[in-house]
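The values are calculated or read from the model by the stated rules, or taken from the named source; none is laboratory data. Because the structure is a prediction, the values reported are computed rather than measured. Cβ placement follows ideal geometry from the backbone for every residue including glycine, while neighbour counts extend to all protein chains displayed. Side chains are part of the model used for accessible areas, which takes the heavy atoms of the whole protein and leaves out ligands, DNA and RNA. Shrake-Rupley method; radii C 1.70, N 1.55, O 1.52, S 1.80 Å.
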Amino acid sequence: MATSVAAVLMGLAVPLAGPLVGPLAEPAAAARTTLPGGLDTTSLQTATVSVPVPAGVDPRWVTGALTVGEGSRGTVNLLVDGRVVRSVPARPWQRVALPVGRDDVRPDGTISLGVRFRPEGDRSGCRPVEEHEVRLTNLALLHQGAEAVDLDPAGFLPAAASRVDVVVPRNASDDVLDAALAAVGALAARYRAGVPVALTTADVVLPRTGAGQRVVRIGPGEAGSAPTTTAAVRFGLPNLSITGSGDDLRRAVLDVLAPAGDTTPRPAADSGAGAPAPVTRTLRELGATGRDTVLSGYGRSASVLEVPQDAFGGPVDRLDLQLTGTTTDVPAGTQARLDTYLDGRLVDSATLDEGGDLAVTTTVPGSRLAASTRLELVLTAVPEGGCASGTLLPLSVELDPDASVLTAELDARADGRGFTELPQALAGRLPVGLRGEGPDRTLAAADAALVVAGLQRAAAYPLEVGVVDPDELLADGHGLLVGAGAEDLDAADARLRPDPEGAPGAALQTARGPGRPLLVLGTLGPGSGRLRTWAADQVVRDGWQALTGDVLVSSGGAARPLAGLDPATVPGTSADATPSATADKDPEQRSYTAVAVAGAGLLVLVVGARSLLVLRRRRSAGTGVSGPAPRP
């Protein structure tokens, strides 16, 4: 073990003899770059991910956190480019380091990493049916050498970025802020969770994160002049400067920063004329690869595919699954079954016997679906006689990624479920309204950028982000409003309203009522500007899918859902969330209610009068009589 740790400390490219547990010491001469992505598997197949490597560097190690589900005993194989480079005993949590080198970098500039779990006692290749959860996350690359920076604007953004800052003037105009927020959305779509993307001002000192860091500066240009784009290294950081005005500036920014290569057709946003048409997506369009559509072997083999609702263009009211494929013949005496799960719920189970065509057809109501639905296919097979029965014939299921489809019927309107109805209810558009003037307006845009990045990373496609008039945004009921004041929160029917004399606080809230996918971010008390930023930053830290309820509150620290707070400590004032008993009833219903109430009142009067009469008769006969009352 001492030799293994020493190897890591010296940055030598030799395999480690044992696992690294606890804090990992980085080589003194190596730089560290955060890598996007991770591995997550519950089956015993090999799970792989491709991670990008900054151009020009000499990769030495990939580090990460390896977790294995409680009660799982066995060995985890760690792979680089398909070969096993480490084998570690299964533990609930441990730090690991995988040796890598230049020969492992593929022509596309990535390294393929993999994990494979082998349960205790698994010697024959017949895997047990039990589920084992294995995750490799928090990936980082330790490398030597300087990054080769491409100063051509077309190649300015690297495949692997450690941080990207969008910088604007402190007193930025609306067209600059519009382009800057569009830039944040495009960068968040290009670089997924784990890579900070932020909007800041030119007077702020930027943090340093090493290879892969980029700065995009957006500023005003001369009116009527074409936008300009230049790249240079300033103060040791690669900078891309884009200047211009109006819509031309926005187009110039997106031409350089928007992700390329996505040709999947977007569903059209609902025009309001009747119910939207059903939308169909193939497994391939939803991101399935050949590895995702093939299940094989004995024991338990699983494939998982994330299906975000906004891949269909809006909230899903009903989802129809039609999966087609082929199976091999099931050997005599073998029991085999293909189960289909959506968000952990079993929606279909098919027993496999003869080989040939396979069809899975089922329907799931939208109320049972999360904002990002987890589609899991599980092949379970047990041979006759068990694992010790000798040679086993091959067994596999292969789905057709182009013929297997998911068809969604969409809700015409959002249903007021809070954070979980977004981003799908946005239908691909995220208009942003900003309150304030001058530097305050720019700070509002910086806070908006955090929410934009969080929503974009939860979305299936790049969102159309742009600055609009706040009053028009409130009237439309669709988008994000930052810097919301008391009147704005009243108009949005938000749950919490400001208290000018109360404690500091801020909140990100959703508008209440169906058909209003509207987010409002504002302060709830005096001196709460920094808390507004903390509330927005929590979206990036936790990820949009982790948000629950309809209010995220910051009252002096990390923001938390309203439901998890002591009501006595919640800043601001709480709006009356309970409508009157007759507020939503039509006139005929209210008339029936009035009649019922009047009848109940009359009945009480009659019973009361009769009781009073009986009492008076008893008093006139005397209260000390022990025998029966006299007859009338």
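Return yes when Val216 is in a helix (DSSP H, G or I), within 26 Å of Arg429 (Cβ to Cβ) and either of a type in the set (S, T, N, Q) or open to solvent by less than 10 Å² (accessible area, probe 1.4 Å) (or both) and no when it is not.
Details: in a helix (DSSP H, G or I): no; within 26 Å of Arg429 (Cβ to Cβ): yes; either of a type in the set (S, T, N, Q) or open to solvent by less than 10 Å² (accessible area, probe 1.4 Å) (or both): yes.
When the stated conditions are applied, Val216 does not pass them.
Only a single item in (1) under 22 Å from Gly244 (Cβ atoms); (2) open to solvent by less than 50 Å² (accessible area, probe 1.4 Å); (3) hydroxyl-bearing (Ser, Thr, Tyr) is not met by Thr209, and it is number (1). Return yes or no: is His143 assigned to a strand (DSSP E or B) and either touching a Pro at 6+ places or on another chain (Cβ under 7 Å) or open to solvent by 10 Å² or more (accessible area, probe 1.4 Å) (or both)? Against the criterion (assigned to a strand (DSSP E or B) and either touching a Pro at 6+ places or on another chain (Cβ under 7 Å) or open to solvent by 10 Å² or more (accessible area, probe 1.4 Å) (or both)), His143 qualifies.
Scanning for something touching a helix residue (DSSP H, G or I) at 6+ places or on another chain (Cβ under 7 Å) and part of a loop (DSSP other than H, G, I, E, B), does region 116-124 turn up at least one residue?
Checked region 116-124: at least one residue is touching a helix residue (DSSP H, G or I) at 6+ places or on another chain (Cβ under 7 Å) and part of a loop (DSSP other than H, G, I, E, B).
Out of the residues in region 93-109 meeting the condition of being open to solvent by less than 20 Å² (accessible area, probe 1.4 Å) and part of a strand (DSSP E or B), tell me which one is farthest from Gly155 (Cα to Cα). So, considering only residues that are open to solvent by less than 20 Å² (accessible area, probe 1.4 Å) and part of a strand (DSSP E or B), the one farthest from Gly155 (Cα to Cα) is Gln94.
Residues checked against (1) among the aliphatic types (A, V, I, L, M); (2) open to solvent by 40 Å² or more (accessible area, probe 1.4 Å); (3) in a loop (DSSP other than H, G, I, E, B); (4) on the phi > 0 side of the Ramachandran plot:
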position	(1), (2), (3), (4)
Glu501	no, yes, yes, no
Gly525	no, no, yes, no
Arg530	no, yes, no, no
Ala536	yes, no, no, no
Arg541	no, yes, no, no
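Within 24 Å of the chain's Cα centre (by Cα), open to solvent by 20 Å² or more (accessible area, probe 1.4 Å) and over 24 Å from Ala459 (Cα atoms), is that true of Gly515? Taking the combined requirement at face value, the residue does not satisfy it. Among the residues in region 66-77, are any surrounded by fewer than 17 Cβ atoms within 10 Å (Cβ to Cβ), closer than 14 Å to Ala140 by Cα and touching a residue at least 60 places away in the same chain (Cβ under 8 Å)? No: zero hits.
Table: residues versus (1) in contact with a Leu (Cβ under 6 Å, 6 or more places away or on another chain); (2) outside any loop (DSSP other than H, G, I, E, B); (3) open to solvent by less than 10 Å² (accessible area, probe 1.4 Å); (4) without any contact (Cβ under 8 Å) to a residue 24 or more places away in the chain.
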residue	(1), (2), (3), (4)
Ala446	yes, yes, no, no
Leu450	no, yes, no, no
Leu455	no, yes, yes, no
Ala460	no, no, no, no
Val467	yes, yes, no, no
Glu472	no, yes, no, no
Ala475	no, yes, no, yes
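Of the residues making up region 323-346, just one is open to solvent by less than 30 Å² (accessible area, probe 1.4 Å) and under 23 Å from Asp411 (Cα atoms), namely Leu342. Sub-6 Å Cβ pairs linking a first residue in region 343-360 that is within 22 Å of Ala371 (Cβ to Cβ) to a second residue that is of a type outside the set (Gly, Ala, Ser) and open to solvent by 40 Å² or more (accessible area, probe 1.4 Å), at least 6 apart or interchain, are Asp343/Arg374, ordered by first then second residue. Given the condition more than 29 Å from the chain's Cα centre (by Cα), over 22 Å from Ala161 (Cα atoms), surrounded by fewer than 17 Cβ atoms within 10 Å (Cβ to Cβ) and of a type in the set (S, T, N, Q), answer yes or no: does some residue in region 46-55 qualify? Within region 46-55, not a single residue is more than 29 Å from the chain's Cα centre (by Cα), over 22 Å from Ala161 (Cα atoms), surrounded by fewer than 17 Cβ atoms within 10 Å (Cβ to Cβ) and of a type in the set (S, T, N, Q).
Residue check: is Ala202 open to solvent by 20 Å² or more (accessible area, probe 1.4 Å), among the hydrophobic types (A, V, I, L, M, F, W, C), in contact (Cβ under 8 Å) with a residue 40 or more places away in the chain and out of contact with any helix residue (DSSP H, G or I) (no Cβ under 7 Å at 6 or more places or on another chain)? So Ala202 does not fit the description; no. Number of residues in region 363-395 that are surrounded by fewer than 16 Cβ atoms within 10 Å (Cβ to Cβ) and under 35 Å from the mean Cα position of the chain (by Cα): the value is 6. Count of region 160-183 residues, restricted to those that are within 21 Å of the chain's Cα centre (by Cα) and assigned to a helix (DSSP H, G or I), is 3. When you check Ala507 against the structure, is it closer than 21 Å to Ser574 by Cβ, in a strand (DSSP E or B), of a type in the set (Gly, Ala, Ser) and open to solvent by less than 30 Å² (accessible area, probe 1.4 Å), yes or no? Against the criterion (closer than 21 Å to Ser574 by Cβ, in a strand (DSSP E or B), of a type in the set (Gly, Ala, Ser) and open to solvent by less than 30 Å² (accessible area, probe 1.4 Å)), Ala507 qualifies.
Right, Val197: surrounded by 20 or more Cβ atoms within 10 Å (Cβ to Cβ), of a type outside the set (S, T, N, Q), on the phi < 0 side of the Ramachandran plot and within 30 Å of the chain's Cα centre (by Cα) or not? Break it down stepwise before answering.
Values: surrounded by 20 or more Cβ atoms within 10 Å (Cβ to Cβ): yes; of a type outside the set (S, T, N, Q): yes; on the phi < 0 side of the Ramachandran plot: yes; within 30 Å of the chain's Cα centre (by Cα): yes.
Criteria met by Val197.
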